[in-house]
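The values are calculated or read from the model by the stated rules, or taken from the named source; none is laboratory data. Nothing here was measured: the structure is a model prediction, and the numbers come from that model. Cβ coordinates were reconstructed from backbone atoms using ideal geometry, including for glycine residues, and neighbour counts include every protein chain displayed. Surface accessibility is based on the protein's heavy atoms, side chains included, excluding ligands, DNA and RNA. Shrake-Rupley method; radii C 1.70, N 1.55, O 1.52, S 1.80 Å.
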Amino acid sequence: LEFVIKVYIALAKCLANIHKAAESVTAYQNALRIIQGSDALEALTDRSILFPIFSGLFVALKFGQIAQDEECTYEQSLVARFVYETRLHGDAVHYTRALAMQSEMYGRLGQYEKALEVHTMLAQVYDPDEHSEAISECYGSDRGAQSFSMVALWQVEMGKNDKALETCWYVINDLFPKMEPRNVHNSFMMIYPLLWILKDRGYSLEARDNFIVIVVEAFDDYFGGGRSTFCLPVYDPIMMVLDLAGNPDVEQFDDYVDWATNEENLRYGTVINCSLGNIGRCADSISAEICLLLAERMEDCALKRQLIRSGLDVANEVLSVTEAKRMLIAGRVGQEIHAKLAEAAKELRMDI
């Protein structure tokens, strides 16, 4: 049984790596059916071989690759089973991952009180000094630490803005020093949700400085030299939008305008948009906001109108993808940017 399960998991991972999502999901689901239909499950000596199945299917669910009902019954059942299996297994590393998954699920469903309740359980189990490296080794990044950043997002949605700021500074000042700095992807996923909370509360430049130190400089120091990472395409736009939001005098204004008026720069594709949309906002919404912030600094001119039009086009696409993928928080962010662009267009008597 163990051998068959491992074969299906290896096949699913390979298919996911070559972007054959449907086939990958089928392989994971076949492994799950074997588990559910086998009397030999209780005899497994190491139940942790099951955990990549739950993790892989959860990722597919986040990307909308598995059809669900409105209540997401399949996902809730899957995650509950993962929590049960990891608790039974008794290893805090896997149990932390499962609880992070469950709290994230509730957050995506808009059930923020439940998300925070599960996170409280996670915080009682998770010790970054003891568990962070092991979680990253098993799952690619430290989903336990990332859960703290998601808490800040949920607190904002619940109107707990002071608490959200406290959480942001806790992650930056207390958690980050305990993380492996070479795991730049983990650092990015941790800080990304915080950037927008800080920006919207007047800390754009502080957010930018921390992003540069924790992510950009770390990537250059440990990798650089033509190397790449998943979210590298959005590094510059993130620094750009935070600069525009926080600086009254932007030294690179003309360079930013050149960037924003090239339509090829404004869109990042489904994978990055879905990944980042699940932790705060779609990448494309950053481009739309850059267009907005640049246009706000201009007098009425053809260039200003071009930026507003480009921003509106991108923002409309953001609204479509966030609705289709049920990304509630990213959808709200997209709506706010779209509304500001639409108002700017209205003042110039542009068609919306």
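Annotations for the structure displayed:
- Residue in the stretch 246-260 that is within 19 Å of LEU312 (Cα to Cα) and among the aromatic types (Phe, Trp, Tyr) present: yes
- Any hit, the stretch 264-274, residues being surrounded by fewer than 22 Cβ atoms within 10 Å (Cβ to Cβ) and on the phi > 0 side of the Ramachandran plot: yes
- The set of residues from the stretch 139-151 being out of contact with any Gly (no Cβ under 8 Å at 6 or more places or on another chain) and either within 21 Å of GLY277 (Cβ to Cβ) or outside any helix (DSSP H, G or I) (or both) comprises TYR139, GLY140, SER141, ASP142, ARG143, ALA145, GLN146, SER147, PHE148, SER149, VAL151.
- Where helices (runs of 4 or more DSSP H) sit wholly within the stretch 176-284, those with at least 2 residues that are under 27 Å from GLU299 (Cβ atoms), among the aromatic types (Phe, Trp, Tyr) and free of Cβ contacts under 8 Å to residues at least 60 places away in the same chain occupy 253-260.
- Count of residues meeting criterion [exposed (fewer than 14 other Cβ atoms within 10 Å of the Cβ), under 23 Å from TRP196 (Cβ atoms) and more than 22 Å from the chain's Cα centre (by Cα)] in the stretch 219-248: 1
- Test: residue in the stretch 49-61 that is part of a helix (DSSP H, G or I), closer than 15 Å to GLU104 by Cα and of a type in the set (Phe, Trp, Tyr): yes
- Residues that are open to solvent by 10 Å² or more (accessible area, probe 1.4 Å), in a helix (DSSP H, G or I) and of a type in the set (A, V, I, L, M, F, W, C), drawn from the stretch 152-175: LEU153, VAL156, LEU165, TRP169, ILE172
- Top-ranked residue in the stretch 83-117 [being under 22 Å from MET189 (Cα atoms) and aromatic (Phe, Trp, Tyr); ranked as surrounded by the most Cβ atoms within 10 Å (Cβ to Cβ)]: TYR95
Yes or no, residue by residue, for (1) closer than 20 Å to LYS62 by Cβ; (2) in contact (Cβ under 8 Å) with a residue 24 or more places away in the chain; (3) in a helix (DSSP H, G or I); (4) among the aliphatic types (A, V, I, L, M):
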| position | (1), (2), (3), (4) |
| --- | --- |
| GLN76 | yes, yes, yes, no |
| GLU85 | yes, yes, yes, no |
| ALA115 | yes, yes, yes, yes |
| MET121 | no, no, yes, yes |
| ALA134 | no, yes, yes, yes |
| GLU137 | no, no, yes, no |
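- Selection within the stretch 300-347 - in contact with a Lys or Arg (Cβ under 6 Å, 6 or more places away or on another chain) and either aromatic (Phe, Trp, Tyr) or open to solvent by 10 Å² or more (accessible area, probe 1.4 Å) (or both): VAL333
- Pairs with Cβ under 7 Å, 6+ apart, first in the stretch 308-332 and closer than 10 Å to ALA288 by Cβ, second open to solvent by 40 Å² or more (accessible area, probe 1.4 Å) and among the basic types (Lys, Arg): VAL314/ARG267
- Filtered residue count, the stretch 16-29, keeping only those that are at pLDDT below 90 and at negative phi: 6
- Annotation: ASP91 fulfils all but one of (1) touching a residue at least 12 places away in the same chain (Cβ under 8 Å); (2) of a type outside the set (Val, Ile, Thr); (3) over 16 Å from SER55 (Cβ atoms); the unmet one is (3).
- Qualifying positions in the stretch 35-48 - touching a helix residue (DSSP H, G or I) at 6+ places or on another chain (Cβ under 7 Å) and either modelled with pLDDT of 85 or more or open to solvent by 50 Å² or more (accessible area, probe 1.4 Å) (or both): SER48
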